[in-house]
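What follows is a short report on a single structure.
What follows draws every value from the coordinates through simple rules; no lab data is involved. Quick caveat: nothing in here was measured; it's all calculated off a predicted structure. Neighbour counts run over all protein chains shown; Cβ positions are idealised from the backbone, glycine included.
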Amino acid sequence: MARHARDDDTPDFPEDAPEGGKDTPARRPARRRSRKDRDQGIRLPDSTSLTGQVLIAMPSMQDPRFARSVICLCAHSSDGAMGIVLNKAIENLSFDDLLKQLDVAPVPPQRRIALHAGGPVEGGRGFVLHTADWSSEGSLQVDPELALTASVDILKAIAGGGGPRRGLLALGYAGWGPGQLEEELQQNAWLNVSPDEALIFEEEENDAKWRRALAKLRVDPLLLVSIAGRA
């Protein structure tokens, strides 16, 4: 299971977003790679980046943390990849609870946004994946329609009745080292699809979002399970 903040932990939303460089999330791999992987790992040309695409876990996914996961890739290059899991809701922490922990005035009810476990890396660090109609100095432009912000500024904006039109708040992220995601794609661990707002932001049960993502590809989950069972 993906880690998320405990009730007695205050998630980390820095006042100022970190500058780009070695400490940005995309450069922090989720797992240590073997020497063979480092010596022979697949390198991805930046021109074939999947940034902005949505990954859909195949039924044969071996890592239980990502079983039936739907992940928005926010950065992907030869240096690695990072993304936000879209369908692992956090049940024991509300948006209002988080705002209170961060000493931000509670938001009006109509502006509440859902909390998700964004991945197993840095489970106490907060990110907001949101529509690109709002940005701050430290926001990462994922594609023309999406942005990612990791500073408390966006929570203050939402609490004040502003901020982006739509957003999803995640604790933690999913990360891959150089060549790691490419290997998993070659092993048929993931499918990928272009996102739409409903897939990114609509609230629904974990499996329902996974099935919605597969439906965009016109793929029958039962057929995938059957194929995986014969592999």
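Taking θ as phi - 60°, what are the ³J(HN,Hα) couplings along region 205-213 by the Karplus curve (6.51, -1.76, 1.60), each to the nearest whole Hz, with x for Gly and Pro?
Calculated HN-Hα couplings, in order: 4, 3, 5, 5, 5, 4, 5, 4, 5 Hz.
At 0.36 nm per residue, and after removing the present C-alpha to C-alpha distance, how many nm does the segment from Glu197 to Ala215 gain when stretched out fully?
5.0 nm
How many lysine pairs in region 50-230, separated by 8 or more positions in sequence or lying on different chains, have Cα atoms less than 28 Å apart?
On the way: Lys88/Lys100; Lys88/Lys156; Lys88/Lys209; Lys88/Lys216; Lys100/Lys156.
For region 50-230, qualifying lysine pairs total 5.
Among 191-201, 149-159, how do they line up by average Cβ neighbours within 10 Å per residue, starting with the highest?
Numbers: 191-201: 16.4, 149-159: 22.4.
Descending packing order for the listed peptides: 149-159, 191-201.
If I model a spin label as a point 7 Å beyond the Cα along the Cα-Cβ vector, how far apart are those points for Gln62 and Ser94 in nm?
4.2
Would you kindly state how much longer the chain becomes between Ser136 and Leu223 on full extension, computed as 0.36 nm times their sequence separation minus their alpha carbon distance, in nm to one decimal?
Fully extending the segment from Ser136 to Leu223 adds 27.0 nm.
Could I have the simple spin-label model distance between Asp143 and Ser49, label points 7 Å from Cα toward Cβ, reported in nm to one decimal?
Placing both labels 7 Å along Cα→Cβ, they lie 1.3 nm apart.
Tell me which residues come under 5 Å, amide H to amide H, from Cys74 once H is placed; ignore anything under 5 positions away on its chain.
HN-HN under 5 Å from Cys74: Gly52, Met82, Gly83, Ile84.
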